[in-house]
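See below for the structure under consideration.
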Amino acid sequence: MGNLVIAAALLLLLGFAYQQGFARSLSLAAEARKEGRRLHSRPRYHGTLVAIWVLLPTLLVLGLWALLETSALRALIVGMLPPEVAGLEGRQLDSAIARIRALASGYGVAGEVADYEQAAAEHLSLIQNLAFLLVLAAAAGLGLLALFAAKRRISLALRARDHVEKAVRILLMLCSAVAILTTAGIVLSLFNESIRFFSFVNPIDFFFGEIWNPGFATTGSAAIGRYGLLPLLWGTVMVAVIAMLVALPVGLMTAIYLSQYAPHKVRTVVKPVIEILAGIPTIVYGFFALVTVGPFLSALGAAIGLDIRSTSALTAGMVMGIMLIPFISSLSDDILRQVPLALRDGSLGLGATQSETIRRVLLPAALPGIVGAFLLAVSRAIGETMIVVMAAGNSPVLRLNPAEPVSTVTVTIVNQLTGDSDFAGPQSLVGFALGLTLFAITLLLNILALFIVRRFREQYD
Amino acid sequence: MTSLFRSSLQGVAAPPTALEAGDGYQTVRTPDPKAKPTRLSAHDVCVFYGDKQALENVSIDIPERSVSALIGPSGCGKSTFLRCLNRMNDTIEGARVTGEITLDGENLYSPQVDVVELRARIGMVFQKPNPFPKSIFENVAYGPKIHGLARSKSELEEIVVTSLKRAGLFEEVKDRLHAPGTGLSGGQQQRLCIARAIAVGPEVILMDEPCSALDPIATSIIEELIDELRENYTIIIVTHSMQQAARVSQKTAFFHLGKLIEEGPTERIFTNPRDKKTQDYITGRIG
Ligand SMILES: Nc1ncnc2c1ncn2[C@@H]1O[C@H](COP(=O)(O)OP(=O)(O)OP(=O)(O)O)[C@@H](O)[C@H]1O
Ligand SMILES: [Mg+2]
């Protein structure tokens, strides 16, 4: 409720500021025209600039309040508590304060309400209201002041357009910074926890160990288990390779058919249907693997005398491949259709057949994009969790045979971090080290993709 | 993309309505007593892009081993007609061709005809240069390779070099045959595409404004090439330059708004056009 009021007031203020700037510059321009001079920037830039000037101080006030509110009110509440309660430690004090806040905001609390609690809550709610009004008034006052100042600055020579453009540029920069900062934050937190993990386990044992047997957290720190990454990494690679062996040929051929051969009508039906495949939740693919593909493969193996387990790298990889087909086909289809028609005509006009044209002209021209799509799909295959949890058998042992169960990095992270973990022992901390490894692998793949794409660009542009 | 197979069927089923669709316009024809025997012949050709008609009942005979020029204002259907002659309109979704076009008496649009082979015999240089994103060498070698014209690497090299020389490009690119063809200038790309087309050794060559991006010197090289090719090949050229049409062609056809207005010996068309529209166009009053 309070926030809504603030937002509405702010919008009103900004609208007013814009209108003021607009009108002021318009009248200036009208006067100047008589002397044959012109405004540097058009009125709408002046309006926007004034609005920006108003926005900055008000945002500053509101932002400061948002930052300080919690701690200021907390100090206030503690001051109002009787000494025996105020003297409580940690969680107990927190819950006492939370009770008063809940009372003040009108939500009920469990149990008896003590007198001092009631009194403190009433006092708190009064102060909260006052503070709210005060902040609103301060923000509005400052905003108006800024409006006044900004309006006085408007002149014929004021380069309002340049300033507005700069503000827009900064805004855009901030937006892209959000993504970058988030990534950095994720990496940092992974890093921190990983370092804690490596204080328990030697990095060499982790990265080059061949045995994965973390033991249980409850068995005590004496038996911290063994944390060899290799079986997991091998499982991940094997499942991803099988998945790509399924997804790449099928996806690429689908894309070629759709973009080059399919009549318009077929295309308009088939393409959306294939894209539906991409929208199926991975856990549903997991069911499919567990209930249908696994038993089928195992029966097939039995028929030809091979021992195929129904939960295995093969099952998980195949189903993951099916999941990735639309990913590859849809991206490659778009890329193939972007190859200029003139190239295709040039080849056909020389008497090349359609398949020669596709192989020798279209695919090479589309290759950078297709490689990009491929590597994106690989990244997804490596990071995919649900299908592998359900269908790969969860057996972190180094085995060559794809028909045997495996485990992957993602599955192991799930195993180690779910349940009753306290993030203190290596059993759960290893999850972060694994996450960091996964992150590094996908990062490398993406860099590789960029590199390849650039190489081909140079060759073909 | 329309499948080649499907559109070849459309071509056969030329509905007789095509004759009536012309609502009685008459092409002005001046027969040429000195003309060589007919190689390509179009009869009542109509082209539709979807519902829109781009060509109306075009009938013309193209003599062998000579140059025929198609002229007319922009958008009148010259490229469209040219593309009918090697069935490149098949590749345009929604394009429909009716009527009959024969090469040596055989209907190009009959189902027995193999489009791929046909296009190897009737080569085309497109209006916009469209080099492949490959090296200059590979661009020219492309056709000979897929048709197996060279038995060895040195033979292939010879074909490439001769073709580049004939298109007047070799001197400029001889040190960078393995640089990308797309890195050439517009005019160089145009000559590269000409070299690419003649490397296949087609019997008929269709050229859509081959000199539109060329300077006078490169233009005269191409005109010389056309003149030389005429000894053995049948050539049809689209051009916006009256002088060029007059210089290189023996026969000229004037198109206007999808209709073939007048055709006849080049000299005759330029000195003594019989239709008013033709006269206006060549004296610069329309287009
Ligand atoms: N792919 C297409 N789809 C729909 N309409 C087309 C297509 N290609 C050409 N047209 C139409 O057909 C008509 C003839 O076009 P065409 O390209 O044959 O003209 P042109 O005589 O070659 O002109 P220019 O001298 O400008 O090259 C034009 O009206 C054009 O808009
Ligand atoms: Mg044209």
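The values are calculated or read from the model by the stated rules, or taken from the named source; none is laboratory data. Predicted, not measured: the structure shown is a model, and the values here were computed from it. So basically every Cβ, Gly included, is an ideal-geometry build from the backbone, and we count neighbours across all protein chains shown. Surface areas here come from the heavy atoms of the whole protein model, side chains and all, with no ligands, DNA or RNA. Shrake-Rupley method; radii C 1.70, N 1.55, O 1.52, S 1.80 Å.
Shielding by partners for peptide A:354-367, expressed as the average number of C-beta atoms from other protein chains within 10 Å of each residue's C-beta, is 2.
Annotation: amide H-H contacts under 5 Å for B:Phe255 (H modelled 1.01 Å from N, sequence separation of 5 or more, or interchain): B:Ile71, B:Gly72, B:Ile261. Its DSSP H runs of at least 4 residues, each contributing -39,500 (n - 2.57), put the calculated 222 nm mean residue ellipticity of the protein assembly as shown at -19500 deg cm²/dmol, to the nearest 500.
Couplings for the range A:279-295, taken from phi via the Karplus curve 6.51 cos²θ - 1.76 cosθ + 1.60 with θ = phi - 60°, read x, 5, x, 5, 5, 5, 4, x, 4, 4, 5, 5, 8, 10, 5, x, x Hz in order; Gly and Pro are left as x. Probing with 1.4 Å while keeping every protein chain in the model, the per residue accessible area of the protein assembly as shown equals 50 Å².
Placing +1 on each Lys and Arg Cβ and -1 on each Asp and Glu Cβ, with no other charges, gives the range A:2-158 a dipole about its Cα centre of roughly 1720 debye.
Across the range A:225-456, the mean sequence separation of Cα contacts (distance under 8 Å, 6 or more residues apart), normalised by length, yields a relative contact order of 29 percent.
Here the Debye sum runs over all C-alpha atoms of the protein assembly as shown as equal scatterers in vacuum, and log10 of I(q)/I(0) at q = 0.05, 0.11 Å⁻¹ comes out as -0.51, -1.15. A simple packing score, the average count of other Cβ atoms within 10 Å per residue, orders the peptides A:317-323, B:51-57 as A:317-323, B:51-57, with the highest score first. Taken as Cα centroids, the range A:16-94 and the range A:267-316 sit 56 Å apart, rounded to the nearest whole angstrom. Two numbers describe the Cα atoms of chain B: Rg and Dmax, which are 18.9, 58 Å.
Packing here is the average count of other Cβ atoms within 10 Å per residue, and on that basis the peptides B:60-69, A:174-183, highest first, run B:60-69, A:174-183.
When accessible surface is computed with a 1.4 Å probe, chains B and A are found to bury approximately 2200 Å² between them, both chains counted.
Between the alpha-carbon centres of the range B:117-171 and the range B:224-287 there is a gap of 28 Å. In percent, rounded to a whole number, the relative contact order of chain A is 16, using alpha-carbon pairs under 8 Å and six or more apart. With a simple spin-label model that places each label point 7 Å from the Cα along the Cα-to-Cβ direction, the separation between B:Glu106 and A:Ser71 comes to 9.1 nm. Under a 5 Å amide H cut-off, with hydrogens placed 1.01 Å from N, A:Trp212 pairs with A:Gly228 among residues at least 5 apart or on other chains.
Cross-link reach is defined here as a Cα-Cα straight distance under 30 Å, omitting same-chain residues fewer than 8 places apart; for B:Lys251 the lysines meeting it are B:Lys34, B:Lys36, B:Lys52, B:Lys78, B:Lys128, B:Lys165, B:Lys259, B:Lys276, B:Lys277. Note on A:Lys166: no aspartates and glutamates have a C-alpha under 15 Å away, same-chain residues under 8 apart excluded. Model label sites at A:Leu172 and A:Leu133, defined 7 Å from Cα along the beta-carbon direction, differ in position by 4.5 nm.
Here the peptides B:32-43, A:225-236 are ranked by packing, the mean other Cβ count within 10 Å, and the order with the highest first is A:225-236, B:32-43. With a point put 7 Å past each Cα toward its Cβ, work out how far A:Asp94 is from A:Thr268 in nm, to one decimal. According to this spin-label approximation, the distance is 6.0 nm. Between the residues A:Thr292, A:Gly305, A:Leu277, the greatest Cα displacement towards the positive end of the dipole of the range A:266-373, with unit charges on the Cβ of Lys, Arg, Asp and Glu, is found for A:Leu277. Restriction of the GluC sites (Glu not before Pro) in the range A:1-100 to DSSP coil positions whose beta-carbon has at most 15 other beta-carbons within 10 angstrom yields A:Glu35, A:Glu89.
Residues of the range B:80-128 whose accessible area, computed with a 1.4 Å probe over protein heavy atoms, drops by at least 10 Å² once all protein chains are present relative to their chain alone are B:Arg83, B:Met88, B:Thr91, B:Glu93, B:Val116, B:Arg119, B:Met124, B:Phe126. Entry note, the range A:138-229: relative contact order of 18 percent, from Cα contacts under 8 Å with a spacing of 6+ residues.
Assign one of three labels to the range A:225-456, namely rounded, prolate or oblate, based on the Cα gyration tensor with a ≥ b ≥ c the square roots of its eigenvalues; rounded applies when a/c is under 1.5, prolate when it is not and a/b is larger than b/c, and oblate otherwise.
prolate
The HN-Hα couplings worked out from phi for the range B:143-157 by the Karplus form 6.51 cos²θ - 1.76 cosθ + 1.60 (θ = phi - 60°) are x, x, 5, 6, 9, x, 7, 10, 8, 9, 5, 5, 5, 4, 4 Hz, whole numbers, x standing for Gly and Pro. Within straight-line reach of A:Lys34, meaning a Cα separation under 24 Å, sit the following lysines at least 8 residues removed in sequence or on another chain: A:Lys151. When only the Cβ of Lys, Arg, Asp and Glu is charged (+1, +1, -1, -1), the dipole of chain B relative to its Cα centre reaches about 280 debye.
For the range B:232-246, backbone phi angles converted through the Karplus equation (6.51, -1.76, 1.60; θ = phi - 60°) give residue-by-residue couplings of 10, 10, 9, 10, 10, 10, 9, 8, 9, 9, 4, 4, 5, 4, 5 Hz, Gly and Pro being listed as x. Remark: mean inter-chain Cβ contacts per residue of A:100-110 equal 0, using a 10 Å Cβ-Cβ cutoff to other protein chain atoms.
Can you figure out the FRET efficiency of A:Leu145 with A:Ala184, using R₀ = 45 Å and their beta-carbon distance, to the nearest 0.05?
0.75
Database remark: amide H of B:Lys134 closer than 5 angstrom to the amide H of B:Gly181, B:Thr182 (H placed geometrically; neighbours at sequence offset of 5 or more, or on other chains; Pro and chain starts carry no H). The gain in end-to-end length when the A:Ile304 to A:Val113 segment is fully stretched comes to 61.3 nm, 0.36 nm per residue minus the alpha carbon separation. Carbon and sulfur atoms: what percent of the 1.4 Å accessible area of chain A do they account for? The computed percentage sits at 68.
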